[in-house]
Amino acid sequence: MPAPSTKKPKKSLKVLFVTPEIHPLIKTGGLADVSGALPAALRELGTEVRVLVPGYPKVLAGAKNKRLLYTFHDLPEAGEVRLLSASLPGSGVPLLIIDCPVLYQRDGGPYQNPTGIDWPDNAQRFALLSRIGAILGSDASPLSFRPDIVHCNDWQSALVPAFLHFMHGKKAATVMTIHNLAFQGIFPPHVVDEVGLPPACFSIEGVEYYGNFSTLKAGLYYTDHISTVSPTYAQEIQQKALGFGMQGLLARRSNKLTGIVNGIDTSDWNPATDPHLVQGYDAGQMAGKTANKLALQEKMGLKRDPDIPLLGMISRITQQKGGDLLLEIAPQLLQENVQIVLLGTGETVLENGFRNLAHAHPDNVGVTIGFDEGLSHLVEAGADMFLMPSRFEPCGLNQMYSQRYGTPPIVHATGGLTDTVEDGVTGFIFSPMTAKAFLASIHRALATYRDKQAWHAIQHNAMTRDFSWKKSAEDYLALYKSVLSPES
Ligand code: ADP
Ligand code: GLC
């Protein structure tokens, strides 16, 4: 019999991942996709992860195996608050859900009411998320799960590092990920006191941001390490053009700032098995792609024709995403035989611009204003090319989905788009951010599309590129370890 090992079993790293949205329970954008996939990929690497999320109705309804863990009795935001354990449908990742009906049980989105207005108590709603994140990362935690790292995401969880900073005893280290610097959690100065932070922290060396309180600034200031979702964006946010006023702080902390590109969930986004498609396909067997194109044309009320180049776009229709640039070039573009399909919601003026465009070109332009997960998969599969003229893009996921679906993306040279698309190899990159350059890149793509052999080569390169989370999750794990032992 072998002698019993004297080695201690290797302790796995423990991470509390704090997020305001998570796929497949609640989603407004890419942060949900990341929160639904990165924790699962970290688990594959042996990390012990719990994901802390607010108990919105959809979260409570969709989460599996819910069980009461603990009741907090005297939290400043809401008095009694229940903490539930549960698991994420699909991957089974363990969840911790904050069940606080007065703050989270309401119709509407996670940040806005049904008419699109921000909830007036968002400061309290997300201070609670952060407060519980901080408690669970400290000696005051009622749980036996004690994280080494609390990983915060965007302004909604950015008060965790600030709360932890002012707590005593043993505490977890923090990583603060910026998914989008444009959203900064800005509230009037008196909110600092309301969320229970000391008045002295309302200073440039603290949570103050141009006379207001910014929860994101608080996170960036107090966290042990900052990360963002692509290496190029990590550079861009240190400069004035895309720094949204935080460039000084970010440049000063640049030795604590890392860019790690997102991956994609390759089981959710797999054209061979995707249940939202009318026919599956892969790089070796592309016939199914045409079936999806015809289905998409039919669904959007367009002329059914496999040969007309079909340009797809799925996005929040905001200044960031450059929908206005597409509206600007559309009259000229539509003089050629092309079709455009857009799925999105956002700014009313732009939404109306797209509605009018579809009205004027019923055979060639199909527009769905709304959020439709199933249709988004069909657009990725049915379009020939994917448009992403973003003014800035921290990472962007659709350009990766589209590559995997053999739908080469046409993207502006910015942020994660630069880091994930290879010009002329897996897609098309344009610069500068002008209508002229955008149109020229579409013409370049259309010329390649007419050369079937060249087009198939681009599709093949795009579809076989590895966008899985494994490499990015390894980078996060290495980052956590370096934060925990900075000298090694
Ligand atoms: P962002 O998070 O800035 O909106 P990303 O490209 O990172 O941009 O992620 C957007 C995610 O949201 C993708 O999964 C995309 O398919 C999805 N999405 C955006 N708008 C819609 C919509 N109207 N319907 C369905 N899915 C959408
Ligand atoms: C943000 C960014 C987007 C990124 C996503 C997930 O919403 O706008 O570029 O892909 O977060 O990190």
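The values are calculated or read from the model by the stated rules, or taken from the named source; none is laboratory data. Only a predicted model underlies this, so the values are computations on that prediction, with no experimental measurement involved. Cβ: placed from backbone, ideal geometry, glycine included. Neighbour counts: every protein chain shown. Note: areas computed on protein heavy atoms with side chains; ligands, DNA, RNA excluded. Shrake-Rupley method; radii C 1.70, N 1.55, O 1.52, S 1.80 Å.
Within the chain, DSSP assigns beta bridges of which about 30% are antiparallel (rounded to the nearest 5). Here Lys436 is the anchor, and the aspartates and glutamates within straight C-alpha reach of less than 17 Å, apart from those fewer than 8 places off in the same chain, are Asp324, Glu328, Glu336. For Asp274, neighbours were defined as the other residues whose beta-carbon sits under 12 Å from its Cβ, and their charges (Lys and Arg +1, Asp and Glu -1) total -3.
In a DSSP loop and with at most 11 other Cβ atoms within 10 Å, the GluC sites (Glu not before Pro) in the range 140-218 are Glu205.
Compared with the dominant Cα axis of the chain, that is its longest principal axis, helix 435-450 is turned about 60°.
Once backbone amide H atoms are built at 1.01 Å from N, Leu69 has Leu83, Leu84, Ser85 as its partners under 5 Å, excluding neighbours fewer than 5 places away on the same chain.
Counting protein heavy atoms only, the chain has 53 percent of its accessible area on carbon and sulfur, 1.4 angstrom probe.
In the structure shown, the pairs Lys171/Lys471; Lys64/Lys481; Lys289/Lys452; Lys217/Lys240; Lys27/Lys64 are assessed against 22 Å; a Cα-Cα span above that value is assigned to Lys171/Lys471; Lys64/Lys481.
The mean sequence separation of alpha-carbon pairs under 8 Å and at least six residues apart, normalised by the residue count of the range 287-466, gives a relative contact order of 21 percent. Using the Karplus relation 6.51 cos²θ - 1.76 cosθ + 1.60 with θ = phi - 60°, the per-residue 3J(HN,Hα) values for the range 85-90 come to 9, 6, 9, 7, x, x Hz, with x marking Gly and Pro. In terms of its alpha-carbon gyration tensor, the range 287-466 comes out rounded; the largest-to-smallest axis ratio a/c stays below the 1.5 threshold. With the charge dipole of the chain set up from +1 on Lys and Arg Cβ and -1 on Asp and Glu Cβ about the Cα centre, the Cα lying farthest toward the positive end among the listed residues Cys152, Ala241, Ala473 is that of Ala473.
I need the shape label for the range 255-371. Rule: rounded when a/c is under 1.5, else prolate if a/b > b/c, else oblate, with a, b, c from the alpha carbon gyration tensor. Oblate shape, in that a/c is at least 1.5 and b/c is the bigger or equal ratio.
Between Thr258 and Ile226, Ser227, Thr228, the built amide H atoms are under 5 Å apart, and every one of these is 5 or more places off in sequence or on another chain.
Can you give me the angle between helix 30-44 and the longest principal axis of the chain, using Cα atoms only, in degrees from 0 to 90, rounded to the nearest 10? So the helix axis and the longest Cα principal axis differ by about 60 degrees. Solvent-accessible surface of the range 287-466, averaged per residue with a 1.4 angstrom probe and all protein chains in place: 36 square angstrom. Assign one of three labels to the chain, namely rounded, prolate or oblate, based on the Cα gyration tensor with a ≥ b ≥ c the square roots of its eigenvalues; rounded applies when a/c is under 1.5, prolate when it is not and a/b is larger than b/c, and oblate otherwise. Prolate is the answer for the chain, as a/c is 1.5 or above and a/b outweighs b/c.
For the chain, the longest principal axis of the alpha carbon atoms and the long axis of helix 122-136 meet at an angle near 60°. Extension gain, Glu347 to Gln239, is 36.2 nm, computed as 0.36 nm per intervening residue step minus the present C-alpha separation. Between the range 446-464 and the range 47-115, the C-alpha centres lie 45 angstrom from each other.
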